[in-house]
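**Q** Take a look at this one; I'll ask things after.
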Amino acid sequence: MNPDVCEQVLENIKLSLLHCQNNKQTFKLNMPFNINNCDNIAKYESSLHATKTKIIIKASSNAKKYSINYNVKERTVELE
C-alpha cells in the first residue's frame, strides 16, 4: 500500500464534496494501484455518518486512473 496515493485520493474525494453539486472528475495515477486497500477512505466514510453520505469503491485492483462521481441527491461518492 502506498499511503501517499491513498492520501491523494482522499483529498480528491474531499474536494468533490466541497462543490456541493453533482460532479465527476477523473485522475491519473503514476503507476497501477488498488484503491480498495486505502484504509483512510473507509475511516473518512465513517466520519460522514451524520450526513448519510456513502463512499462506494468500484475501482479495479490495478487501476491506472480513477474517477470520482459525486451525486448530491443520492449522497453517494463513487470511485471507479
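Just so you know, all these numbers are worked out from the coordinates, no wet-lab data involved. Only a predicted model underlies this, so the values are computations on that prediction, with no experimental measurement involved. Neighbour counts are summed over all protein chains in view; Cβ atoms, including those assigned to glycine, are modelled from backbone coordinates with ideal geometry.
**Q** Every residue in segment 41-66 that is surrounded by 15 or more Cβ atoms within 10 Å (Cβ to Cβ), touching a residue at least 24 places away in the same chain (Cβ under 8 Å), under 13 Å from residue 9 (Cβ atoms) and of a type outside the set (A, V, I, L, M), please.
**A** Once the filter is applied, which keeps residues that are surrounded by 15 or more Cβ atoms within 10 Å (Cβ to Cβ), touching a residue at least 24 places away in the same chain (Cβ under 8 Å), under 13 Å from residue 9 (Cβ atoms) and of a type outside the set (A, V, I, L, M), segment 41-66 yields 44, 66.
**Q** Right, something else. In segment 8-19, is there at least one residue being assigned to a strand (DSSP E or B) and of a type in the set (D, E, K, R)?
**A** Looking for residues that are assigned to a strand (DSSP E or B) and of a type in the set (D, E, K, R), one finds none in segment 8-19, hence no.
**Q** State the number of residues belonging to segment 20-42 that are touching a helix residue (DSSP H, G or I) at 6+ places or on another chain (Cβ under 9 Å) and not in a strand (DSSP E or B).
**A** Total satisfying the criteria: 6.
**Q** Of everything in segment 43-69, what is of a type outside the set (S, T, N, Q) and in a strand (DSSP E or B)? Give them in sequence order.
**A** 54, 55, 56, 57, 63, 64, 65, 66, 68 - these are the residues of segment 43-69 that are of a type outside the set (S, T, N, Q) and in a strand (DSSP E or B).
**Q** Given the structure, is residue 26 among the hydroxyl-bearing types (Ser, Thr, Tyr) and surrounded by 10 or more Cβ atoms within 10 Å (Cβ to Cβ)?
**A** Yes.
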